[in-house]
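These notes concern the structure reproduced below.
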Amino acid sequence: MRLGVNGLGRIGKLTLWYHIGRKYVEEIVVNIGRNVGRSLEDIAHYLERDSTYGSLGSYLYGHRAGNVVEEIDEKTGTIRVDGTRIYFLRETRNPMKIPWGERDVRLVVDTTGKFLDPTLGPEDPKGSLRGHLEAGAEKVIVSAPFKIRDKSQPIPDDAVTTVMGVNENDYDPRMHRLISSASCTTTCLAHMVKPLIDYFGSQSILTASMATVHAVTGSQQVLDRLPKTGATDLRKNRSILNNIILTTTGAANTLALVIPEMKRIGFIAESVRIPSTTGSLVILVVNLQEEPSGEFIGREVINSIYRDAAAQDGRKYLQYTEEQNVSSDIIGLPRCATLIEGHETHTRTAEVEIDLGKVCGIDEGAKPVESSAHFGRIAITQAVIYGWYDNELGSYVNMLGDRTVSIAEQI
């Protein structure tokens, strides 16, 4: 099978690493869309070295690695890397004009981050996801959440968002042609939330919030620069080298597509960018309504939920540890959507006084008349849970690669 990859940025490059290592596909067609460097030699140089993860050879074979770039053919535009032939296209960035059909490419992974609206037609002048289908692909996987420009438009029936190990079976090969693999943060968060919903039920979760302490991405600036026309967030133009930068995340909206039960739970998601190349952290805060038995949810209950879920996860997407980790410990950890830091789990239970007269959904005739009976007390436990994730290769790209292979097997 031939796999198509559109874009050769951070996720595109590491996607090649994944598939070169896994050996499921024999040939990969990569669309760069323009001339870069002086020759294929420069592309090979970029491909086999990485400032975060080291060399491609070491990734594949450890300290015993040799030269894994076996052949560079400028005439055919190909590089053979550890047995995998890679064709490079450098003519156009518009998906509709990429010759996927001529190259016999049926499955494309778009890693550009530019084409995210599944409602746009293939003829859109700026290009669109459906352009890949027009060009001959049968399925397109997007390495980011969908973003629909016209908010009144629903997600089309042939588009779906999935996270491996959470809702991967929502993908229907007979129906879906556009598949979003969500984001690195949503992937981590989904694997943190699902065990809690499975154990307590969504009705016991009153509210939840998360903050991701996130490594830098390619969209941020090395040095301060002027904002683009109409820019509203001036912090995105500040240097990431020496700043902690508050920003936004769409993880809350995307999580509801992956875990529908979250739609009824009050949920807030925030993001803080830090000067680190990779290795990120989700801090999840959950408010749980206690049962009237008086046996409160403690730290050990929360940890046992994750410990048991990790033990039952044969693919090791969810992992649990009670060691004391730092962000670099998670870098490159394969297939780990999240590593729960059990050592730092905290819980606190308190009784909250509720004015029953202000409770919605209670018939007026059933509400207490005497002022002394207007108040009730319920016990609520707040749990704070920490989950590490490698927002590039270890977590997200491995999950994206598994999603790609699982779809390829059904084509």
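What follows is calculated from the coordinates using simple rules that are stated; it is not laboratory data. Because the structure is a prediction, the values reported are computed rather than measured. Methodologically, a virtual Cβ is constructed for each residue, glycine included, from the backbone with ideal geometry; neighbour enumeration extends over all protein chains shown.
Around the amide H of Asn31, modelled in the peptide plane, lie the amide H atoms of Val5, Asn6, Gly7, Leu89, all under 5 Å away and 5 or more residues distant in sequence or on another chain. Ellipticity at 222 nm from helices only: DSSP H runs of n ≥ 4 in the chain, each -39500 (n - 2.57), divided by the residue count, give -6000 deg cm²/dmol.
Modelled spin labels at Asp233 and Ser51, positioned 7 Å past Cα toward Cβ, are 2.2 nm from each other.
Counted by Cβ distance under 13 Å from Ala211, the other residues give a net charge of 0, where Lys and Arg count +1 and Asp and Glu count -1. When each of the peptides 190-197, 222-229, 282-289, 170-177 is scored by how many other beta carbons lie within 10 Å of its residues on average, the order from highest to lowest is 190-197, 282-289, 170-177, 222-229.
Residues in segment 228-242 carry Karplus couplings, in order, of 6, 4, x, 4, 10, 9, 6, 5, 5, 9, 9, 5, 7, 5, 9 Hz; the curve used is 6.51 cos²θ - 1.76 cosθ + 1.60 with θ = phi - 60°, and Gly or Pro positions show x.
Charges were assigned to the Cβ only: +1 to each Lys and Arg, -1 to each Asp and Glu. The resulting dipole of the chain about its Cα centre is roughly 1400 debye. Projected label points at His63 and Lys126, each 7 Å from Cα along the beta carbon direction, are separated by 5.0 nanometres.
Applying 1/(1 + (r/R0)^6) with R0 = 60 Å to the Cβ-Cβ distance of Thr349 and Val36 gives a FRET efficiency near 0.55. A quarter of the convex hull surface defined by the alpha-carbon atoms of segment 154-210 gives 4.9 nm² as the mean projection.
Between the Cα long axis of helix 299-312 and the first principal axis of the chain there is an angle of about 40°, rounded to the nearest 10.
Full extension of the chain segment joining Glu138 with Arg264 gains 41.9 nm, where the gain is 0.36 nm per residue of separation less the Cα-Cα distance. Neighbours of Thr347 by Cβ distance under 10 Å: Lys/Arg scored +1, Asp/Glu scored -1, total +1. Summing Lys and Arg as +1 and Asp and Glu as -1 over all other residues whose Cβ lies under 11 Å from the Cβ of Asp158 gives a net charge of +2. Based on every Cα atom in segment 2-156, Rg and the maximum pairwise Cα distance Dmax equal 16.2, 55 Å. Can you work out the base-10 log of I(q)/I(0) for the chain at q = 0.08, 0.13 1/Å, using the Debye formula on its C-alpha atoms alone? For the chain, the Cα-only Debye profile gives -0.49, -1.17.
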